[in-house]
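Worksheet: the structure to be examined is printed underneath.
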Amino acid sequence: MTWRDVCEYGSSRERAADRMDEPNDVLTVGVAVIGAGLVGGELLDQIDAQAKALRGVYGVAVCVHAIASSTRMRLSSADAPEQRGIELSVWRTEWEAGGGSVALDLDVLVAHLKQNSPHVIVCDCTASELVSQHYCGWLSQGVHVVTPNKKANSSTTQQYKALRTAQRQGPRSTHFLYEANVGAGLPILSTIRDFQRTGDTFLEIAGVFSGTLSFIFNSFDGSRPFSEIVAAAKLSGYTEPDPRDDLSGMDVARKVVILAREIGLEVELDQVPVKSLVPQALGGPDVSTATFMDRLPEFDSELAVMASEAAQRKERLRYVGWINVNSKTCGVELKAFPESHPFGALEGSDNIVLFRTRRYDAQPLTIRGPGAGAAVTAAGVFADVLRVVSYLGAPARAIASE
């Protein structure tokens, strides 16, 4: 069962599900969603929207027994049916009203989850390093973890290996899935695993891994000041509240570390050379976001020259991350590409990745699409939840015909 299977069941399947009696062979999984913001909230809505199809067509009940923020949590009622959990059709209204919420305690949350279902999944939809520090403990208890949070997989190699050890040594086969770490819902990490399982070997990976920087450099050709493009991107919600979080390149560096480790390289985050787009004079903690935005035009000239020279060569500037397997090196840099190159032809805020492998050498495999946004990121998380469900042995059921 894939995410495409679930999403594209179509109207005839929906009507078939409506006619089916409640199946006896439903596989129930209990879920906790930590981080009830944009991504977590969208995930809850997607689970709610697919509940009937999952239960009636696929024999799966995804029951949310806990919703949490950084400070509070709401747990399902003790007298709620096992295959029900929190009523998701009204979760947002009740959450905003604060009804039933208590102070956040992750130990209590996981204990409640395990009490209500034999199969449990924690979905960490935060960017919190503190939450990610609980993964090892959860995995060792047999709690599956699904997350778009990049902190754990881009931390120290020691911590990275500890996670895999905890996963292997858990009381039963425990899964740690994180497709949305790179490219939101794009099948990047799953493609890497498929290549590895089938015996292919990687030679090089390169890509535009930041939707924010993709948008900025797809809009920047030197005809307008770089600072003006950044201001427009911030106003449109493409950047973080402080654009330096995007322009520093560290988010791209984390993704490069994750990809490098997936293909067997040992890389530490502080070993990755990164071309920051934040002027050194404006990067200190004493410089406010407002001051940064006010003074950024002072530093437009260097990038203007680069963009102008690239345009004369029919090239475009792109902010890329790359990994070379043979030399065991990787980096993050601003580089010009011909307009005919897949990177040079990129548009909007899309991400793109090129895989060059032993099988895909002369013509690298290309994956391109939206790499940011709550809906596609939540879809990537949801797809991982359903992968766990399939690994647990979700019942196969033929679709009733009309």
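The values are calculated or read from the model by the stated rules, or taken from the named source; none is laboratory data. Remember, predicted model here, so these are calculated numbers, not experimental data. FYI the Cβ positions are ideal-geometry reconstructions off the backbone, even for glycines, and counts take in every protein chain you see. Areas reflect the complete protein model, heavy atoms only, side chains present, ligands, DNA and RNA absent. Shrake-Rupley method; radii C 1.70, N 1.55, O 1.52, S 1.80 Å.
Return the residues of the range 355-402 that are over 27 Å from GLU42 (Cβ atoms), aliphatic (A, V, I, L, M) and at pLDDT 95 or above; say none if nothing qualifies. Of everything in the range 355-402, just one residue is over 27 Å from GLU42 (Cβ atoms), aliphatic (A, V, I, L, M) and at pLDDT 95 or above, namely LEU365.
Checking the structure you have, find out if any residue of the range 212-219 is in a loop (DSSP other than H, G, I, E, B) and touching a residue at least 12 places away in the same chain (Cβ under 8 Å). No, the conditions are met nowhere in the range 212-219.
One line per residue, one yes/no per condition, for (1) out of contact with any strand residue (DSSP E or B) (no Cβ under 7 Å at 6 or more places or on another chain); (2) open to solvent by less than 50 Å² (accessible area, probe 1.4 Å); (3) over 24 Å from GLY142 (Cβ atoms); (4) at pLDDT 95 or above:
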site: SER11; (1), (2), (3), (4): yes, no, yes, no
site: MET20; (1), (2), (3), (4): yes, no, yes, no
site: ASN24; (1), (2), (3), (4): yes, no, yes, no
site: ALA32; (1), (2), (3), (4): no, yes, no, yes
site: LEU38; (1), (2), (3), (4): yes, no, yes, no
site: ASP48; (1), (2), (3), (4): yes, no, yes, yes
site: TYR58; (1), (2), (3), (4): yes, yes, no, no
site: ARG84; (1), (2), (3), (4): no, no, no, no
site: GLY98; (1), (2), (3), (4): yes, yes, yes, no
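The single condition among (1) open to solvent by 30 Å² or more (accessible area, probe 1.4 Å); (2) touching a Leu at 6+ places or on another chain (Cβ under 9 Å) that GLN363 does not satisfy is (2). Among what's in the range 126-142 and is open to solvent by 10 Å² or more (accessible area, probe 1.4 Å) and not small (Gly, Ala, Ser), pick the residue that is farthest from ASN181 (Cα to Cα). In this case the residue turns out to be GLN141. For the range 143-154, the condition of being β-branched (Val, Ile, Thr) and open to solvent by 30 Å² or more (accessible area, probe 1.4 Å) holds for none of the residues.
Consider the range 102-132 and keep the residues that are under 20 Å from LYS151 (Cα atoms) and not in a helix (DSSP H, G or I). The one that is farthest from the chain's Cα centre (by Cα) is ILE121. If you go through the range 60-79 and keep only what is open to solvent by 10 Å² or more (accessible area, probe 1.4 Å) and part of a strand (DSSP E or B), you end up with VAL62, ARG72, ARG74, LEU75.
For the structure I just gave you, tell me whether ASP242 is within 30 Å of LYS314 (Cα to Cα), of a type in the set (Asp, Glu) and surrounded by fewer than 18 Cβ atoms within 10 Å (Cβ to Cβ).
Here the answer is no, as ASP242 does not meet what is asked.
Among the residues making up the range 272-326, those that are assigned to a helix (DSSP H, G or I), open to solvent by 20 Å² or more (accessible area, probe 1.4 Å) and of a type in the set (Gly, Ala, Ser) are ALA281, ALA290, SER301, ALA304, SER308, ALA311.
Residues in the range 235-266 that are part of a helix (DSSP H, G or I), more than 16 Å from the chain's Cα centre (by Cα) and not charged (D, E, K, R): LEU235, LEU247, ALA260. Going by what's in this entry, would LYS161 be described as more than 29 Å from GLU315 (Cβ to Cβ), modelled with pLDDT of 95 or more and not in a helix (DSSP H, G or I)? No, not satisfied.
Look at the range 339-351: where a residue is closer than 18 Å to TRP322 by Cβ and a partner is polar (S, T, N, Q) and open to solvent by 40 Å² or more (accessible area, probe 1.4 Å), sitting 6+ places away or on another chain with Cβ atoms under 6 Å, you get PRO342/THR366.
Within the range 183-195, being touching a helix residue (DSSP H, G or I) at 6+ places or on another chain (Cβ under 8 Å), at negative phi and in contact (Cβ under 8 Å) with a residue 60 or more places away in the chain holds for GLY185, LEU186, PRO187, ILE188, LEU189, ILE192, ARG193. From the set of residues in the range 109-151 that are without any contact (Cβ under 8 Å) to a residue 24 or more places away in the chain and of a type in the set (A, V, I, L, M, F, W, C), which is farthest from GLY185 (Cα to Cα)? Here the answer is ALA111.
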